[in-house]
Amino acid sequence: MIIRNRKSELNKKNITRIINILFYTATIFLLGINALTGENIFLVIVACLLSIYILCFNYKKNIYLIFFLLPSLNVFISHENGFSYATIILLISFLKYIIYRFGEIEINNKFLIFFLLLVAYELLHMFNYSPSEATALVRWAILVLYAFILIADNKVSLNFRKLTLFFVFGIFNSGLLGLIGLFENDSEYYRFEGASGDPNGFGMSVLLAILFLINIQMKENQMKTNYIALIVIMYILGLMTLSRSFIIVSSIVFIIYFIYSLLSSRKIHRKVSMSIIGVSALITLPFFNEISNIIQSIYNRFALSNSMSELSGSRSLVVELYWEKFSEASLLQILFGEGLMGYLNNYNIRLQGTIVGPHNTYLEMIISWGILGSFLFVFFLWLVFRIGKVKFSGEVTFISLLPLFSFLFYLLSLQSLSKYITYFYLVLIIMNLYYSVKNKEHNHSQSKGFFT
């Protein structure tokens, strides 16, 4: 009887694995066809396929799916009407999560109180909002809650290694879609952005994924050759963005990492760092000319910049304009801000006739929520990190801090508070920070297969 039950369980797992493989293969194939043809019908089919998957499978598989989709969410925006299928997919997933776990959710009370306070604070600005901005605020609040509930719900256990692999898998899917766009593009100058819609954003996701894979190997005290190969290939994808932010941040991080590895007493540090260098040489030598062209393009981007404004892609000019307007604002505006969804139209900063954001998350925070709201938001994030520390109880190491430091540096050149993808990245960063192989409840699921 026991043998029959075990065989039945194995058959169910095998069927589930096959269904998952077929589903992800079909999704990637249809997205590729959509990238080649530009026909909206394929995007609709993929959105329907994803929605059916979310409704049919449990909430954990839905969460893994979301992290697979993160690097390519921009592809789900219909350029005909500006409608985002990705938002609908995430909202359906959140609804499934609430229904599936109704009566079992055990959310930290402090988290809930301060989250509601933050939303209430943003609601204070709604009298200036248009109907579309008010709708955007509702979506933002729901999806930020969905992201952080993965940390705040004490009874939710996710396999961080598996989550990272789905995220990495998603980066390669995004890269594949980006390569299709590269072949379709006739321009002599092209910055690779995968399917993310932004070279800087794609570069940041690549760097985070690389550092997650390094940290997992350090925590598990085991080098994995396939991880090393993934790290090197992803770094090449990052270089293809020609992103100054990626070059500067990744260079600083890896110089620090290699120095730390050489000085460390643990053999695994030197083993992984030397393997990265060795595999980099093996992979890049056959493509020496292509890599040289990428490096030359990066050099040209830096060399042709004669001023700080040009070097930062006019970001320093935009920051200066926003800061001047904020400094001239009333005391009420300085204290309470203009609201996250409304500051763009209220400030009305334009370049070449187009409204532009501050391209700096720290400045965006002060402008949106003022001094008082900024303190509230920072305290809320600190609370989420504290909850993560208690929940996952892993030891914070120098290597596990690198993704957080990289993310904080990147925020100097990105405006990201109104983008819910930012908060899902923060979930990965928190789980990485406190990752521990000893904590089986949160870091190891019962199923070992990637697609199980």
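The values are calculated or read from the model by the stated rules, or taken from the named source; none is laboratory data. For clarity, every value in this text was computed on a predicted model and none was experimentally measured. No Cβ is skipped: glycine too gets one built from the backbone with ideal geometry, and neighbour counts run over all protein chains shown.
For residues in segment 359-401 being farther than 30 Å from Leu213 by Cβ and hydroxyl-bearing (Ser, Thr, Tyr), which is surrounded by the most Cβ atoms within 10 Å (Cβ to Cβ)?
Only one residue tops the list, namely Ser368.
What are the residues in segment 373-418 that are of a type in the set (Gly, Ala, Ser) and within 15 Å of Tyr435 (Cβ to Cβ), if any?
Gly388, Ser393, Gly394, Ser400
From Glu320, Glu338, Glu328, grab the single residue that is among the charged types (D, E, K, R) and touching a His at 6+ places or on another chain (Cβ under 7 Å).
One residue alone meets the criteria, Glu338.
Okay, residues lined up against (1) over 25 Å from Thr164 (Cα atoms); (2) outside the structural domain of Gln217 (by the TED database); (3) in contact with a Phe, Trp or Tyr (Cβ under 6 Å, 6 or more places away or on another chain); (4) not in a helix (DSSP H, G or I):
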position: Asn346; (1), (2), (3), (4): yes, yes, no, no
position: Glu364; (1), (2), (3), (4): yes, yes, no, no
position: Ser374; (1), (2), (3), (4): yes, yes, no, no
position: Phe385; (1), (2), (3), (4): no, yes, no, no
position: Gly388; (1), (2), (3), (4): no, yes, yes, no
position: Leu408; (1), (2), (3), (4): no, yes, no, no
position: Ser418; (1), (2), (3), (4): no, yes, no, yes
position: Thr422; (1), (2), (3), (4): no, yes, no, no
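Among the residues of segment 243-260, write down those that are surrounded by fewer than 22 Cβ atoms within 10 Å (Cβ to Cβ) and touching a Lys or Arg at 6+ places or on another chain (Cβ under 9 Å).
Within segment 243-260, Arg244, Ile247 qualify.
Just to be sure I understand the filter: pairs with C-beta atoms under 8 Å, separated by 6 or more residues or on different chains, first member in segment 101-121 and farther than 15 Å from Phe385 by Cα and of a type in the set (S, T, N, Q), second member in a loop (DSSP other than H, G, I, E, B) and modelled with pLDDT under 95. Which pairs pass?
none
For segment 131-156, how many residues meet the condition of being among the hydroxyl-bearing types (Ser, Thr, Tyr) and surrounded by 17 or more Cβ atoms within 10 Å (Cβ to Cβ)?
Qualifying residue count for the region: 1.
Filter segment 30-45 down to the residues that are out of contact with any helix residue (DSSP H, G or I) (no Cβ under 7 Å at 6 or more places or on another chain) and over 17 Å from Ile88 (Cα atoms), then identify the one that is modelled with the lowest pLDDT.
Among residues in segment 30-45 that are out of contact with any helix residue (DSSP H, G or I) (no Cβ under 7 Å at 6 or more places or on another chain) and over 17 Å from Ile88 (Cα atoms), the one modelled with the lowest pLDDT is Gly38.
What residue, of Phe169, Phe111, is at pLDDT 95 or above and of a type in the set (Phe, Trp, Tyr)?
The match here is Phe169.
Out of the residues in segment 311-358 meeting the condition of being more than 30 Å from Ile248 (Cβ to Cβ) and charged (D, E, K, R), tell me which one is surrounded by the most Cβ atoms within 10 Å (Cβ to Cβ).
The extreme case among them is Glu338.
Take the residues of segment 415-430 that are closer than 15 Å to Leu73 by Cβ and out of contact with any Leu (no Cβ under 8 Å at 6 or more places or on another chain): which is modelled with the highest pLDDT?
Thr422
Which members of segment 331-355 meet the condition of being at pLDDT 85 or above and within 26 Å of Pro131 (Cβ to Cβ)?
Within segment 331-355, Leu332, Gln333, Phe336, Gly337, Glu338, Gly339, Leu340, Met341 qualify.
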